[in-house]
Amino acid sequence: MPYEDHVAAATDAVTCAILTISDTRTEADDKSGKIIRELVEDAGHSVAHYAVVKDEADQIRELIKGIAEKGECHVILTNGGTGIAARDTTYEAVTSLLEKRLDGFGEVFRFLSWEDIGSGAMLSRAVAGVYRDTMIFCMPGSSGAVRLAMEKLIVPELSHLVWEIWRQKS
């Protein structure tokens, strides 16, 4: 079946979790989390879980495991902790769980970022993949990066990605 047919078959709304990973942000000032929620809901999808979590690899891993095991969210959208600073642990926490990686997400995100910000795009360790039939995207914490990833890459493919994960299980 060609790509276009897959996309046409994948029309269901998906349920998402949003995790803002930060040592300094709170729900009150989480601009990136609000952007994610707005773009997800504007596209006809829903948000069943939202949290701001400290950039602690064990906490991130356990929260993701819990959300995936509960099974109510098809997609986990994280922002923050993907840089190279000592406290940036999202990449390590998430990649240690992934059963399948979607390398194209990080590659295309960095390319699009390069068009916007130049060589600084190489600092991003944006990554995506599947853990326990749950799609996970890890984006940088900046609102510009979140908007870019959500508008150009994630939102247009949300239904299709979930359909791909589940289509042969039914």
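The values are calculated or read from the model by the stated rules, or taken from the named source; none is laboratory data. Here the structure is a predicted model, which is why all the values come from computation and not from measurement. All Cβ positions, glycine included, derive from the backbone under ideal geometry; neighbour counts span all protein chains shown.
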Report, by residue number, each residue of the range 55-92 that is modelled with pLDDT under 95 and of a type in the set (A, V, I, L, M, F, W, C). ILE84, ALA85, ALA86
Exactly one of GLY81, GLY129, GLY106 is buried (at least 17 other Cβ atoms within 10 Å of the Cβ), of a type outside the set (Asp, Glu), in contact with an Asp or Glu (Cβ under 9 Å, 6 or more places away or on another chain) and closer than 26 Å to GLU164 by Cα, and that residue is GLY129
Within the range 105-134, how many residues turn out to be more than 13 Å from the chain's Cα centre (by Cα), part of a helix (DSSP H, G or I) and not aromatic (Phe, Trp, Tyr)? 14
Of (1) touching a residue at least 24 places away in the same chain (Cβ under 8 Å); (2) in contact with a Ser or Thr (Cβ under 7 Å, 6 or more places away or on another chain); (3) under 21 Å from LYS152 (Cβ atoms); (4) not small (Gly, Ala, Ser), ARG110 satisfies every one except (1)
Out of everything in the range 26-54 that is at pLDDT 95 or above, in a loop (DSSP other than H, G, I, E, B) and in contact with a strand residue (DSSP E or B) (Cβ under 7 Å, 6 or more places away or on another chain), what residue ends up being surrounded by the fewest Cβ atoms within 10 Å (Cβ to Cβ)? HIS45
